[in-house]
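S.K.: What follows is a structure written as structure tokens; I'll ask about it next.
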Amino acid sequence: MIDLNDPIWRAVHSAGGCVDQQLRRLLEGEGDFRENMDELAENISHQLSWYDATAYVLPHLARLCQRLSVEDKLYLIAQIGPAVAAESQVSLSPDTKTYQEFHEGLAPLAQEARELVERHMERIKALPKDLPLFFANSALALLWDRKHAYYLFLFAPWDELPAMCPECDWYEECMDFSLEEEPEFVTPGPLDEEGVWLQKLLTAIGDRDLLPRLPYLYGTCTCPECRASGPLWTWMDRAFEEG
């Protein structure tokens with residue numbers, strides 16, 4: 001954990017700068033917790049971009065989380081999810097301080113998310129508006145595949161998804177995923193361990209948007225041109241990176 005007086009805070013990047021000042025207000029309880037959390041989260045996840053300030057912020061948030069109420073823990077986990085998911089878009093070298101700080105903060109925050117899901121489902125369900133679903137996706141980012149969580153944040157509300165065939169480069173930028181009709185190029189498949197976990201969580205919070213799409217997200221995409229097939233997640237990944 002890097003002290004807030006360390007000069008490194010002047011070198012790390014965030015969307016709006018001054019992340020150390022925002023973090024200090026949050027840690028010292030100055031002002032409204034949720035407003036401060038909103039400002040910090042936006043600063044390190046603007047447009048779902050990766051900012052290296054995230055790595056240095058996470059250990060401080062993990063320590064803060066230990067002394068928060070359940071309601072504020074839920075809010076913190078929900079808000080930090082996009083920044084954590086954005087790490088999937090970079091390749092951090094394990095011998096860098098950024099990588100080390102990121103994982104120092106990630107591990108205890110993941111444990112907090114796991115305990116909230118296991119022990120406080122009723123409070124998750126009681127969160128206002130769309131926050132239960134947002135929390136679920138953030139928990140996915142902390143506990144499972146961060147790239148999957150990133151795409152769920154990026155492409156919400158999931159009416160359209162991209163796909164690219166790895167064999168012939170067939171590319172569909174806006175594949176209909178509204179479920180008004182059966183998806184044209186995707187067949188549902190069995191859920192893996194991650195999918196089963198997410199299905200259970202979405203069922204528990206009463207979600208009706210992402211839940212019916214899960215069998216397709218974890219299903220198989222078939223190319224209409226060369227008839228090659230493969231996991232939709234993989235084809236989405238290729239479309240995002242090369243489309």
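S.K.: Please work out, to two decimal places, the log10 of the ratio I(q)/I(0) at q = 0.11, 0.22 Å⁻¹ from a Debye calculation in which every Cα of region 142-243 carries one identical scatterer.
M.R.: -0.31, -1.24
S.K.: Looking at the P(r) of the chain, how many percent of alpha-carbon pairs lie beyond 27 Å?
M.R.: Values: 11290 of 29403 pairs.
In whole percent, the share of Cα-Cα pairs in the chain beyond 27 Å is 38.
S.K.: Related question: Could I get the Rg over Rh figure for region 155-194? Both from C-alpha atoms, Rh via Kirkwood, rounded to two places.
M.R.: Details: Rg = 11.6 Å, Rh = 11.6 Å.
So for region 155-194, dividing Rg by the Kirkwood Rh gives 1.00.
S.K.: Count the net charge of all other residues whose Cβ sits under 15 Å from the Cβ of W50, scoring Lys and Arg as +1 and Asp and Glu as -1.
M.R.: Details: positive: R146, K147; negative: E42, D52, E87, E101, E241.
Here the charged neighbours net out to -3.
S.K.: Estimate the FRET efficiency between I8 and E35 by the formula 1/(1 + (r/R0)^6), using the beta-carbon distance for r and 30 Å for R0, to the nearest 0.05. Write down the numbers at each step before the final one.
M.R.: Values: r = 26 Å, r/R0 = 0.87.
That pair, I8 with E35, gives E of 0.70.
S.K.: For region 32-74 and region 166-243, what is the centre-to-centre distance using only Cα atoms, to the nearest Å?
M.R.: Measuring centre to centre over Cα atoms gives 30 Å.
S.K.: Turning to a different aspect of this structure: Give the whole-number value, in cubic angstrom per residue, of the convex hull volume spanned by the C-alpha atoms of region 1-52.
M.R.: Values: hull volume 4.0 nm³, N = 52.
Expressed per residue, the convex hull around the Cα atoms of region 1-52 is 78 Å³.
S.K.: Exactly which trypsin sites (Lys or Arg not before Pro) in region 178-243 are in a DSSP loop and have at most 13 other Cβ atoms within 10 Å? Can you show the working numbers first?
M.R.: Numbers: sites: K200, R208, R213, R227, R238; in loops: R208, R227.
Sparse-neighbourhood loop trypsin sites (Lys or Arg not before Pro): R208, R227.
S.K.: Could I ask something else about it? In the Gaussian network model of the chain, springs joining C-alpha atoms below 10 Å, which of A53, A156, A113 carries the largest mean-square fluctuation?
M.R.: A156
S.K.: Would you calculate the convex hull of the Cα atoms in region 51-123 and tell me its volume per residue in Å³?
M.R.: On the way: hull volume 5.9 nm³, N = 73.
Dividing the Cα hull volume of region 51-123 by its residues yields 81 Å³.
S.K.: Sticking with this structure for a sec: Place a point 7 Å from the Cα of E167 along the Cα-to-Cβ direction; which residues of region 192-230 have their backbone N under 14 Å from it?
M.R.: 221-230
S.K.: Using the reciprocal of the averaged 1/r over all distinct C-alpha pairs, how large is the Kirkwood radius of region 1-88 in Å? Before the final figure, lay out each step's value.
M.R.: Working: mean 1/r = 0.0777 Å⁻¹.
Hydrodynamic radius (Kirkwood, Cα pairs) of region 1-88 is 12.9 Å.
S.K.: Also, quick follow-up: Between E241 and E160, what is the spin-label point distance in nm, taking each point 7 Å from the Cα along the Cα→C-beta axis?
M.R.: According to this spin-label approximation, the distance is 2.4 nm.
S.K.: May I pose another question? Length gain on complete extension for the stretch H120 to E182, per 0.36 nm per residue less the alpha carbon to alpha carbon distance? Each step should come with its number before you reach the end.
M.R.: Numbers: separation 62, 0.36 × 62 = 22.32 nm, distance 3.53 nm.
Once the chain is fully extended between H120 and E182, it gains 18.8 nm.
S.K.: Another one. Treating each Cα of region 103-156 as an identical point scatterer and ignoring solvent, apply the Debye formula and state log10 I(q)/I(0) at q = 0.20, 0.23, 0.25, 0.26 Å⁻¹.
M.R.: With one equal scatterer per Cα and no solvent, log10 I(q)/I(0) is -0.74, -0.92, -1.02, -1.06.
S.K.: Once every DSSP H run of n ≥ 4 in the chain is given -39500 (n - 2.57) and the sum is divided by its residues, what mean residue ellipticity at 222 nm do you get, rounded to the nearest 500 deg cm²/dmol?
M.R.: -16500 deg cm²/dmol
S.K.: Keeping all protein chains in place and using 1.4 angstrom, which order do V19, V196 fall into by accessible surface area, from largest down?
M.R.: Working: V19 5, V196 75 Å².
Largest accessible area first, the residues go V196, V19.
S.K.: In straight Cα distance, which lysines are under 21 Å from K125, not counting same-chain residues fewer than 8 positions off?
M.R.: Partners found: K73, K200.
S.K.: Just to verify a number: what accessible area does F185 come out at with the full protein assembly present, 1.4 Å probe, Å² rounded to tens?
M.R.: In the full protein context, F185 sits at about 30 Å².
S.K.: Right, here's the next one. Please grab the % of Cα pairs in region 11-147 that end up more than 25 Å from each other. It would help to have the intermediate numbers written out before the result.
M.R.: Values: 1734 of 9316 pairs.
Of the Cα pairs, 19 percent sit more than 25 Å apart.
S.K.: With a 1.4 Å probe and all protein chains left in place, how much of the accessible area of region 88-224 comes from carbon and sulfur atoms, in whole percent?
M.R.: 47
S.K.: Can I ask one more? Measuring with a 1.4 Å probe in the full set of protein chains, what accessible area per residue, in whole Å², belongs to region 1-96?
M.R.: On the way: 4320 Å² over 96 residues.
Value for region 1-96: 45 Å² per residue.
S.K.: Taking the chain as a Gaussian network, Cα atoms linked when under 10 Å apart, which of K73, K147, K129 shows the biggest mean-square fluctuation?
M.R.: Per the Cα network of the chain with a 10 Å cutoff, K129 tops the list.
S.K.: With only alpha-carbon atoms counted, please give the Rg and Dmax of region 40-86, in Å.
M.R.: Computed over the Cα atoms of region 40-86, radius of gyration and Dmax are 10.5, 30 Å.
The values are calculated or read from the model by the stated rules, or taken from the named source; none is laboratory data. Since we're looking at a predicted model, the values are computed, not measured. We place every Cβ from the backbone using ideal geometry, glycine too, and count neighbours over all the protein chains shown. Surface areas here come from the heavy atoms of the whole protein model, side chains and all, with no ligands, DNA or RNA. Shrake-Rupley method; radii C 1.70, N 1.55, O 1.52, S 1.80 Å.
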